[in-house]
Amino acid sequence: MEYLILGLLLLTPMTGYELQRFIKQNLALICSSSAGSVQTALAKLEKEGRVAAAETMEGRRRKKTFSITEAGRLAFETWVAQPMQAGKVKNMELARMFFLGLAQPGQRTAAIRDYIRQMEETEAVLTALRQQLRSAQAGPLPPGRDWDEVFRFQGCTIEYGIAAAAFERQWYGRLLKELEEEE
């Protein structure tokens, strides 16, 4: 969560609420979007000197806007430059699949049907996110970033998610058909 927040703050300063809302709307498939996890990560980053907060008043409300510090920028650059590790990607639902033979046949098919439905929803969310990304690319953007490269890799992440959800939907669909034929 911390590096995700640092990356977002590299793009633009945000309040805790803005970070939480952005994560919920755009990155909930990657990580938790709870306000508690965002606030905990922000507090840790601020304590470590990786983010700084500036307080302003908007009417009667205090607004705390976070920005990345040089220490945060260096930490993020070190993290993002590391090779990706395949062993870090875990799908705990495969543990459920491993033991699905211990469930009743009707429970098995119901669980798989529901998972297929979730993958359909995931594809729909990511397809909408793809369109939002395309719209953002067309809009005015703040200077100081190579936005083409930022959008390129954000787009790759979205495309990966769509392809992964489609693969899982199709794979589980074949399994479901096989199980239904056996019933």
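Worth pointing out:
- Of all the criteria given as (1) in a helix (DSSP H, G or I); (2) touching a helix residue (DSSP H, G or I) at 6+ places or on another chain (Cβ under 8 Å), the one not satisfied by residue 67 is (1).
- Residues satisfying the criterion are present in the range 33-49 (criterion: surrounded by 16 or more Cβ atoms within 10 Å (Cβ to Cβ), within 19 Å of the chain's Cα centre (by Cα) and at pLDDT below 85).
- Residues of the range 135-183 that are among the acidic types (Asp, Glu) and within 13 Å of residue 116 (Cα to Cα): 168 alone.
- Qualifying positions in the range 87-113 - of a type in the set (S, T, N, Q) and either closer than 19 Å to residue 159 by Cα or free of Cβ contacts under 8 Å to residues at least 24 places away in the same chain (or both): 91, 104, 107
- Close Cβ contacts (under 8 Å, 6 or more residues apart or on different chains) running from residues in the range 62-76 that are more than 15 Å from residue 46 (Cβ to Cβ) and without any contact (Cβ under 8 Å) to a residue 40 or more places away in the chain to residues that are β-branched (Val, Ile, Thr) and in a strand (DSSP E or B) comprise 62/56.
- Residue, modelled with the lowest pLDDT, within the range 12-25, restricted to residues that are part of a helix (DSSP H, G or I) and open to solvent by 30 Å² or more (accessible area, probe 1.4 Å): 25
- Odd one out for residue 84, checked against (1) within 15 Å of residue 7 (Cβ to Cβ); (2) at pLDDT below 95; (3) in a helix (DSSP H, G or I): (3)
- Residue under evaluation residue 164, criteria (1) touching a residue at least 24 places away in the same chain (Cβ under 8 Å); (2) surrounded by 14 or more Cβ atoms within 10 Å (Cβ to Cβ), criterion not met: (1)
Yes or no, residue by residue, for (1) more than 25 Å from residue 80 (Cα to Cα); (2) outside any helix (DSSP H, G or I); (3) among the aromatic types (Phe, Trp, Tyr); (4) touching a strand residue (DSSP E or B) at 6+ places or on another chain (Cβ under 6 Å):
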{"site": "112", "(1), (2), (3), (4)": "yes, no, no, no"}
{"site": "118", "(1), (2), (3), (4)": "yes, no, no, no"}
{"site": "127", "(1), (2), (3), (4)": "yes, no, no, no"}
{"site": "143", "(1), (2), (3), (4)": "no, yes, no, no"}
{"site": "152", "(1), (2), (3), (4)": "no, no, no, no"}
{"site": "160", "(1), (2), (3), (4)": "no, no, yes, no"}
{"site": "168", "(1), (2), (3), (4)": "yes, no, no, no"}
{"site": "177", "(1), (2), (3), (4)": "yes, no, no, no"}
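One line per residue, one yes/no per condition, for (1) touching a residue at least 40 places away in the same chain (Cβ under 8 Å); (2) open to solvent by 60 Å² or more (accessible area, probe 1.4 Å):
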residue: 115; (1), (2): yes, no
residue: 119; (1), (2): yes, no
residue: 132; (1), (2): yes, yes
residue: 136; (1), (2): no, no
residue: 142; (1), (2): yes, yes
residue: 151; (1), (2): no, no
residue: 158; (1), (2): no, no
residue: 178; (1), (2): no, yes
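- Condition met for residue 44 (more than 30 Å from residue 118 (Cα to Cα), assigned to a strand (DSSP E or B) and free of Cβ contacts under 8 Å to residues at least 60 places away in the same chain): no
- Residue 81 being open to solvent by 70 Å² or more (accessible area, probe 1.4 Å) and small (Gly, Ala, Ser): yes
The values are calculated or read from the model by the stated rules, or taken from the named source; none is laboratory data. Everything numeric in this text was worked out from a predicted model, so none of it was measured. Every residue, glycine among them, receives a Cβ derived from its backbone with ideal geometry; neighbour counts consider all protein chains shown. Accessible surface is based on the protein model in full, side chains and every heavy atom, while ligands, DNA and RNA are left aside. Shrake-Rupley method; radii C 1.70, N 1.55, O 1.52, S 1.80 Å.
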